[in-house]
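Data block below; observations after.
The values are calculated or read from the model by the stated rules, or taken from the named source; none is laboratory data. Quantities reported herein were computed from a predicted structural model and do not represent experimental measurements. Ideal geometry is used to build each Cβ from the backbone, glycine not excepted, and the neighbour counts take in all protein chains shown.
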Amino acid sequence: MILYVKKGVWLMFIVLLFSCKAGDYKIGNGSMFPNLNVGDIVFVDQENQYTYGDVVVMSIPDSLRIQSELFRIYRVVALPLDTISVNKNHSIINGKECNSSFIENLIDPDGYQTKVEEEELPNKIKIKLWIRSDCPDCDKSNMHSIVVPSGHYFVLGDNRTGAVDSRYIGPVSIESIKGKVTKVIKK
């Protein structure tokens, strides 16, 4: 029976691996915490367009790489030609602040006071956010309004105070997006 289960697990893994067109990636940083964790494996399908709430894998330019990092994972929060700004780590899309609600306060693994909140994107997708309250290096909690260029997307990490995302690197081109996360294997 144990041998049968092991074969079944391997078969399921192989089916998952080959059902994704663009590949699989192991998460190497905490930019998507608390929804995705370091060590999780994500499978992606390449798409021609993305929408609010899609989690995407993107390649990163050499100038922004940390060590041997080749990709990062973020959430699409603004589409081509949308106007976006950020106020206290919350998205304002096309002049309308996304609804947000408080979930809890806690101390994170690094000892920071942290708020867990839920934000609702324009298409009603709700995402859980991780926001450090006393983060000394968090200078991008506010961002002036920009228009996302055609062929680009504005992406943010769910760990709003721990992600080097479009607030730092600007909107990302569709060419730099490897694909949309379709399956996750938790560490």
Output the residues belonging to the stretch 164-184 that are hydrophobic (A, V, I, L, M, F, W, C) and under 19 Å from Ile93 (Cα atoms). Ile169, Val172
Val76 meets each of (1) within 15 Å of Val55 (Cβ to Cβ); (2) surrounded by fewer than 16 Cβ atoms within 10 Å (Cβ to Cβ); (3) not aromatic (Phe, Trp, Tyr) with one exception, condition (2)
Among the residues of the stretch 99-111, are any touching a residue at least 40 places away in the same chain (Cβ under 8 Å) and over 18 Å from Tyr168 (Cβ atoms)? no
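This table checks each residue for (1) closer than 21 Å to Lys140 by Cβ; (2) polar (S, T, N, Q); (3) modelled with pLDDT of 95 or more; (4) not in a loop (DSSP other than H, G, I, E, B).
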{"position": "Asn37", "(1), (2), (3), (4)": "no, yes, no, no"}
{"position": "Tyr50", "(1), (2), (3), (4)": "no, no, yes, no"}
{"position": "Gly53", "(1), (2), (3), (4)": "yes, no, yes, no"}
{"position": "Gln67", "(1), (2), (3), (4)": "no, yes, no, no"}
{"position": "Arg72", "(1), (2), (3), (4)": "yes, no, no, yes"}
{"position": "Val76", "(1), (2), (3), (4)": "yes, no, yes, yes"}
